[in-house]
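Q: Starting off with a structure, shown below.
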Amino acid sequence: MHIFIMANSPGELVGWVRPAVEKLKEKQKKVIIIVVIPPCQYASGMEREVVENFPEVDLVVGPSQYLKYLFLGIRPSSFRGVKRGVVVFLGGDPFHAVVLSKRLGLPAVAYMQKPRWKRYFKKFMVLDQAAREKFMAKRAEENKVFVVGDLTVDGIKLGMSREEVYNYWGLNSGNFIISILPGSRPEMVRYMAPFFLRAAELIKKELPKTQFLLALSPFVPKEELVSLDESEVSKVFQGAKIKLKKDNEKWKLTTESDLEVLVVEGRQHEALNVAHLIITIPGTHTLEAAYLGIPMLVAVPLNKPEAIPLDGLAGLVGGVPLFGSSIKRWIVKWCAKRIKFTAIPNIRAGREVIPEIRGVIEAEDVAKEAIKLLRDPNGLARMRKELR
């Protein structure tokens, strides 16, 4: 039996696809799992390479292969001779899963939280009973909608205890630990790494014993952290001048103020779990941190709005020569005024559980809020309780 899994962005591939394929292979060892990655405006460019390293995945069809199949009818070899199987939608645009289902003559099922494309999917898997009731309200057939829980929870794997992490990375558990997550797209990380490290310098000045980790996404090579010239960063906001060095088999980022930040590769969940505070941009990791009960500060700089990925036509307009960037800049600012929250825990709660700093901001704004949070142990305790 063949299982075709359709997903594309970094958060979906690591947060949903990875735990799903692990469980599938555990239950059905002979099943053939093929992950199809359509184009995505949120992509890092490393999606295929990362998924090929999932041991449970047998074959990966990347964006270029998929587009050739979609528009030219050039069928990947892994699509041939398929008689039994299913197409599983785990994120992105449902259109691609529906098209693949029709062309292969296989049924399609979907993991989604909003009732869309009801006619085209045989089954829907949803987060909780509240999501199921939304489907029922839209006249979805009762026997087609199943509550399966949050795949993100299944994707959280801690290979070491906190004590083991302290020893492994040489951390002092008695002092503050801040984990920085600059994103999963290289073009974002190039700007956010210097920005967050400038904030870290300011925090260190006020709280000298604070320790910093930078949890690097598997979709971003560490060289991207220092790939952007300081003059380019300064066109957007003031960032730290950083260098990447290897010290005792561990990679570190250093700044001119002698700040050292340990670069964590491959143990992102451990880096979240030992932190007193996480400083990050919006994304799936905010949900992972919420399940771990770790306080967060989410920064959404709109200093360079044309660099922010958007869905649909708005995202495509940004690539139009000459005036595309200007139009996208206006769209982002227009949307920002109407979006109440950007962090997933806040969106789900319908209120601000974790603070968000949004707009044209500087590192000083992030540092000031982080220091305020760290100096309020009761506030951090309340946030932990609400997140859990």
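Q: Can you pull out the residues in region 348-370 that are more than 26 Å from Tyr291 (Cβ to Cβ) and either outside the structural domain of Gly283 (by TED's automatic domain parsing) or surrounded by fewer than 19 Cβ atoms within 10 Å (Cβ to Cβ) (or both)?
A: From region 348-370, those more than 26 Å from Tyr291 (Cβ to Cβ) are 359-365, 367-368; that's our starting set.
Residues satisfying the conditions are Gly359, Val360, Ile361, Glu362, Glu364, Asp365, Lys368.
Rundown of residues vs (1) buried (at least 21 other Cβ atoms within 10 Å of the Cβ); (2) touching a Cys at 6+ places or on another chain (Cβ under 9 Å); (3) touching a residue at least 12 places away in the same chain (Cβ under 8 Å), yes/no style:
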{"residue": "Pro208", "(1), (2), (3)": "no, no, no"}
{"residue": "Val220", "(1), (2), (3)": "yes, no, yes"}
{"residue": "Glu230", "(1), (2), (3)": "no, no, yes"}
{"residue": "Ser234", "(1), (2), (3)": "no, no, no"}
{"residue": "Gln238", "(1), (2), (3)": "no, no, yes"}
{"residue": "Lys245", "(1), (2), (3)": "no, no, no"}
{"residue": "Lys250", "(1), (2), (3)": "no, no, yes"}
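Q: Restricting attention to region 125-172, which residues are more than 26 Å from Ala349 (Cα to Cα), in contact with a helix residue (DSSP H, G or I) (Cβ under 6 Å, 6 or more places away or on another chain) and either surrounded by 17 or more Cβ atoms within 10 Å (Cβ to Cβ) or free of Cβ contacts under 8 Å to residues at least 60 places away in the same chain (or both)?
A: Val165
Q: Here is a follow-up. Looking at (1) of a type in the set (Val, Ile, Thr); (2) out of contact with any helix residue (DSSP H, G or I) (no Cβ under 9 Å at 6 or more places or on another chain); (3) buried (at least 23 other Cβ atoms within 10 Å of the Cβ), find the lone condition where Val98 falls short.
A: It is condition (3) that Val98 fails.
Q: Just to be sure I understand, how many residues within region 114-126 are modelled with pLDDT under 95 and of a type in the set (A, V, I, L, M, F, W, C)?
A: 1
Q: Also: Just checking: which of the strands (runs of 3 or more DSSP E) contained wholly in region 243-323 hold 1 or more residues that are of a type in the set (Ser, Thr, Tyr) and either modelled with pLDDT of 95 or more or within 26 Å of Thr342 (Cβ to Cβ) (or both)?
A: Details: elements: 250-255, 260-265, 277-280, 296-301.
By residue number, 250-255, 277-280.
Q: Scanning for something modelled with pLDDT of 95 or more, of a type outside the set (A, V, I, L, M, F, W, C) and outside any loop (DSSP other than H, G, I, E, B), does region 176-189 turn up at least one residue?
A: Checking region 176-189: at least one residue is modelled with pLDDT of 95 or more, of a type outside the set (A, V, I, L, M, F, W, C) and outside any loop (DSSP other than H, G, I, E, B).
Q: Within region 40-54, does at least one residue satisfy the condition of being over 21 Å from Gln268 (Cβ atoms) and among the aliphatic types (A, V, I, L, M)? If you could, list the steps in order and put the result at the bottom.
A: The first filter runs over region 40-54 and keeps only residues over 21 Å from Gln268 (Cβ atoms), leaving 41.
Applying the additional criterion that residues be among the aliphatic types (A, V, I, L, M) yields none.
Checking region 40-54: not a single residue is over 21 Å from Gln268 (Cβ atoms) and among the aliphatic types (A, V, I, L, M).
Q: If the requirement is being part of a loop (DSSP other than H, G, I, E, B) and aromatic (Phe, Trp, Tyr), which of these qualifies: Phe135, Phe212, Phe237? Write out each step before concluding.
A: Details: Phe135 fails: part of a loop (DSSP other than H, G, I, E, B); Phe212 fails: part of a loop (DSSP other than H, G, I, E, B).
Unique residue meeting the criteria: Phe237.
The values are calculated or read from the model by the stated rules, or taken from the named source; none is laboratory data. Computed from a predicted model, the values in this text were never measured in an experiment. Positions of Cβ are generated from backbone atoms using ideal geometry, with glycine treated the same way; all protein chains shown enter the neighbour counts.
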